[in-house]
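For reference, the structure is listed below as structure tokens.
What follows draws every value from the coordinates through simple rules; no lab data is involved. In this text, all values refer to a predicted model and were calculated from it rather than measured experimentally. Note: ideal-geometry Cβ built from the backbone for every residue, glycine included; neighbour counts use all protein chains shown.
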Amino acid sequence: MLTNARWIQAQSDCAGAVSFETSFVAKKAVRKATLQATAMGLYEPYINGQRVTMNRFMPGWTSYRHRVQVQTMDVTACIKQENRICLLCGNGWALGRIGWKGDDKHYASNKAVIACLTVEYEDGDREEIITDHRWSVFTSQIVASDLYDGETVDHCAEPEGLGAAVEVEMSTLLIPQEGEDIREQERIAPVRRFVTPAGETVLDFGQNLAGYVEIRVSGKRGERVVMRHAEILDKNGNFYTENMRSALTTNTYILSGDGVECFKPTFTWQGFRYIALDEFPEGALESAEFTAIVVHSEMKRTGRFVCGDEKINQLYHNLVWGQKGNFIDVPTDCPQRDERLGWTGDAQVFCQTAALNFDVRKFFKKWLKDLAIDQKEENGAVRGIAPVVMDRSITRISAAWGDAAVICPWVIYLTYGDKQVLVDQFDSMRGWIEYIRRIADGGEFLWLNGDHYGDWLAMDNGEGVYEGATDKDFIATAFYAYSTGLFVKAGKVIGRDMSEYEELYQSIVKAFAERFTSDGLPVCHTQTACAMMLYMELCEDRQKVADELAELVRENGCRLNTGFVGTPYLLYALSENGHTDLAYDLLFQEKFPSWLYSVNQGATTIWEHWDGVNDKGEMWSKAMNSFNHYAYGAVGEWLYRTAAGIRAVEDAPGFKRFELCPVPDKRLGFVDASIKTVNGEIRSAWFAQEGMVRYEFTVPENTEAIIKLPGGVENTVGGGRYVMIMK
Ligand code: BGC
């Protein structure tokens, strides 16, 4: 792509955004004009002062050393006879700070762009305006910009010439855009303005979100708006930013004094619910307008879930917002502090819920390719984050994190019936399995002594310990088996001979049982261990393990104590094995640790920690306390797949055939859920009333549903609407 154009940079880098510019004259009547462009940094193209696209944060985040996405834009409507093209370029992922170590410039030392404007004239002639040394570079009004620290926009700043652009060589591959466009999605007005006990002027938008605040304000030349962001107030009602760690998340705007001025950042976003106005033009507050703009990748909404319990509805709302806040081109752990990284474990845990809430097929396919590309440099190992940034050794090669390489493609295949993702990711899946096979202890089919994250943030290993009590070797070997099993299924779907891996799978399962179980129960006696064995089908006697799990939950006061690894499996492990009531008890539990604990604390997104704020109103810690971390939102899939009972089946993926197997509980009152699948919209609803349950199902044309209701009722039906009333 862009074969004739050259990468260009300014002669030296500067903190703010720079504008690469050139002029051209359209010689004749223009039929069509197309701009292709990309950047090392983030860019926005303008023609004749007009922004040519609504898309934000281009070119998106890929493994930049290997590939950068090129955007193609129809700009015909922008072209006049005399034209000025500007490519405004900021730091973004390529040059700004990334990672908690504080360093920047991970991919390049100077911002760069490459572009070609192709003009097709009415008479058939074509002309190409390409980036090269004839372009000029200017400073801009964005005088500082960083993803973590925020942006400074100075409306008084006059553009300064930085001289001619310099042509540079870059070895990265230019590819057409694979991911979804990133766009402004929703606008939210503040619900409240108040002054905190500490004297800060604060606006509350009522929803924790990712994006930025647009402000319309008038004032005198040189007056400033300084705005900080926070997710939460502390127990005294003061603005709380310690959990942002080193990220300053501060936007500063300097007014020109020229009437009503509009400000919002261009090359950064924040994760926030509140803003504090540290500085504001005198007397301007009453007339100023503030709007929070939600930004995320385009994803068509597919799933809906509503039930008769307002707290569960709020939990569902929170997990959907967890997805909105963390699906900005790559699936991130959190949108606010000095991370916002593509943590593989978090994505693996949440992938199924995400894929039911929204159509994330394109989103995941792009990210998985970057994961696979970085994996090559690791000889098959998958690091804790993708794309890999920072010193490679900083993120671990961990079970449950690296397994994203296998689990995510499988989920995408199952949910959307897309075989291509298995074809594309086959080598990556195999690479991960082979990596484990190489290091697995002495050919004994066990993954021992790895440097894992374990059952991250579980509550069963004492105060303040990040890694839960479940034996890491147990977790690693169980995932080794689970991923190998999925890999076998995936290979068979695309017609590969998987006999070698079938054998490997059997050997791991056997070795796992010998090493980690005694009398059919996990040696390491935790909720997570039992839940994993049940979900991953590693039990000889399922009932025994399920009963053990039920006992562990009861002993803990009907409360969970699982972390990132065990939590997604916990409710299934109970509800699939005769302990449905207990699964619902956990869902409805309000005492901490539980899903509804944070709901009762007023959460509008999913918290990273079960005890982000403890019952005394104190913060768990400053170091690791995000209030928008989707991992525990993985309970969403259980709501769709068990409470509503809409389940894909492996031999007819994409819901060509599926199960409708709702498991009612009168505490929910009713459930009404739907999923827009690639084969049509499925609805499953039930209403519990006077000892009866009324079920309503919609099965799309040309699909088949196996209706399975409590009490052993089973029926296979084709497209249509069905109502059933049962005792
Ligand atoms: C992230 C997590 C991630 C973890 C690795 C944290 O800093 O925020 O969500 O998975 O590190 O254990």
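Nearest 0.05, what FRET efficiency do SER518 and ASP451 give at R0 = 25 Å with Cβ-Cβ as r?
0.40
If you fit an axis through the alpha-carbon atoms of helix 404-416 and take the longest principal axis of the Cα set of the chain, what angle between them do you get, 0 to 90°, nearest 10?
80 degrees
What is the calculated FRET efficiency for ALA157 to ILE494, with r their C-beta to C-beta distance and R₀ = 45 Å, to the nearest 0.05?
E between ALA157 and ILE494, to the nearest 0.05, is 0.20.
Only Lys, Arg, Asp and Glu count, each charged at its Cβ (+1, +1, -1, -1), so figure out the dipole size of the chain about its Cα centre, rounded to 20 debye.
Dipole about the Cα centre, nearest 20: 1340 debye.
Give me the number: length gained by fully extending GLU169 to GLU590, i.e. 0.36 nm times residue separation minus the C-alpha to C-alpha distance, one decimal in nm.
Computed gain between GLU169 and GLU590 is 145.7 nm.
Which is farthest toward the positive dipole end of the range 657-726 among MET724, PHE670, ILE707, measuring Cα position about the Cα centre, with Cβ charges +1 (Lys, Arg) and -1 (Asp, Glu)?
Farthest towards the positive pole: PHE670.
Can you sort LEU88, LEU446 by how many other beta carbons sit within 10 Å, fewest first?
LEU446, LEU88
Using Cβ counts within 10 Å as a stand-in for footprinting exposure, how do TRP93, TRP343 rank, fewest first?
Least crowded to most crowded, the residues run TRP93, TRP343.
Using only Cα atoms, figure out Rg for the range 184-297 and give it as a multiple of 2.2 N^0.38 Å.
Scaled against compact globular proteins, the figure is 1.02.
Among GLU120, GLU169, GLU261, which comes first, second and so on when ranked by fewest other beta-carbon atoms within 10 Å?
So the residues, fewest neighbours to most, are GLU169, GLU120, GLU261.
If I stretch the segment between LYS616 and ALA284 completely, what's the gain in nm (0.36 nm per residue apart, minus their alpha carbon distance), one decimal?
Using 0.36 nm per residue and subtracting the Cα-Cα distance, I get 115.7 nm.
For the pair ALA198 and VAL25, how long in nm is the line joining their label points, each one 7 Å along Cα→Cβ?
The answer from the label model is 6.0 nm.
What are the semi-axes of the equivalent ellipsoid of the range 303-643, taken as the square roots of 5 times the eigenvalues of the Cα gyration tensor, listed largest first and rounded to whole Å?
29, 24, 19
In degrees, nearest 10, range 0 to 90: what is the angle between the Cα axis of helix 419-439 and the longest Cα principal axis of the chain?
70 degrees
At R0 = 45 Å, how high is the FRET efficiency between SER218 and GLU701 if r is their beta carbon distance? Nearest 0.05 is fine.
0.20
Could you work out how far the C-alpha centroid of the range 322-340 sits from that of the range 472-547, in angstrom?
Computed from Cα coordinates, the inter-centre distance equals 31 Å.
For LYS101 paired with ASP74, estimate the spin-label separation in nm (one decimal), with each label point 7 Å from Cα along the Cα-to-Cβ line.
For the pair LYS101/ASP74, the computed spacing is 4.5 nm.
Taking a cut-off of 25 Å between Cα atoms, list the lysines near LYS622, but don't count ones fewer than 8 places away on the same chain.
List returned: LYS101, LYS235, LYS324, LYS591.
Provide, as a two-decimal number, the C-alpha radius of gyration of the chain over 2.2 N^0.38 Å, N being how many residues it has.
After normalising by residue count via 2.2 N^0.38 Å, the value is 1.00.
Could you tell me the center-to-center distance, by alpha carbons, between the range 665-727 and the range 558-614 in angstrom?
Value for the Cα centre distance between the two parts: 26 Å.
Hey, which lysines would be in cross-link range of LYS708, C-alpha to C-alpha under 24 Å, not counting anything within fewer than 8 residues on its own chain?
Of all the lysines, those that pass the test against LYS708 - Cα under 24 Å, at least 8 places apart if same chain - are LYS656, LYS666, LYS676, LYS727.
How far is the Cα center of the range 108-141 from the Cα center of the range 28-61, in Å?
Their Cα centres are 10 Å away from one another.
Nearest 500 deg cm²/dmol is fine: what mean residue ellipticity at 222 nm does the chain get from its DSSP H runs of n ≥ 4 alone, each adding -39,500 (n - 2.57), divided by its residue count?
Rounded to the nearest 500, it is -7500 deg cm²/dmol.
Show which lysines lie in cross-link reach of LYS472 when reach means a straight Cα distance below 22 angstrom and same-chain residues fewer than eight apart are skipped.
LYS510
What do you get for Rg/Rh of the range 72-182 when both radii come from the Cα atoms and Rh is the Kirkwood radius?
Answer for the range 72-182: 1.00.
Based on DSSP, what percent of beta bridges with both residues in the chain are antiparallel, to the nearest 5?
Of all bridge pairs located within the chain, approximately 90 percent are antiparallel.
I'd like the orientation of helix 361-376 relative to the chain: the angle between its Cα long axis and the longest Cα principal axis, in ° from 0 to 90, rounded to 10.
Relative to the chain, helix 361-376 is tipped by roughly 90 degrees.
If you count, for each residue, the other Cβ atoms within 10 Å and average over each peptide, how do 543-555, 53-65, 477-489, 413-425 line up from highest to lowest?
The peptides rank, most packed first, as 477-489, 53-65, 413-425, 543-555.
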